[in-house]
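These notes concern the structure reproduced below.
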Amino acid sequence: MGKIVFDKLFPLMKEKGLSTYAIRKNKIVSETTLQNMRQNKAVTTDSIASLCDALDCKPSDIMEYIP
């Protein structure tokens, strides 16, 4: 079974100047969600949508499917 990885997320955040502190402070997603993304664990589509709104990007810009 393949998996979703978020390897693109943190470099994009850095490029766009959005820190994990700002994400937590502005309640875009929780620290638990960020930690799950760091570990390539499951997150909700609402969390992905919130990050895409904040980063002005598409889901494919922050995550990818690895077979």
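The values are calculated or read from the model by the stated rules, or taken from the named source; none is laboratory data. Not measured: the values here are computed from a predicted model. Positions of Cβ are generated from backbone atoms using ideal geometry, with glycine treated the same way; all protein chains shown enter the neighbour counts. Heads up: the accessible areas ignore ligands, DNA and RNA and are worked out on the full protein's heavy atoms, side chains in. Shrake-Rupley method; radii C 1.70, N 1.55, O 1.52, S 1.80 Å.
Observations, loosely collected:
- For region 24-42, the tally of residues that are under 9 Å from the mean Cα position of the chain (by Cα) and closer than 17 Å to residue 60 by Cβ stands at 1.
- Restricting the search to helices (runs of 4 or more DSSP H) fully inside the chain and requiring at least 2 residues that are in contact with a Pro (Cβ under 7 Å, 6 or more places away or on another chain) and either touching a residue at least 12 places away in the same chain (Cβ under 8 Å) or open to solvent by less than 90 Å² (accessible area, probe 1.4 Å) (or both) gives 45-55.
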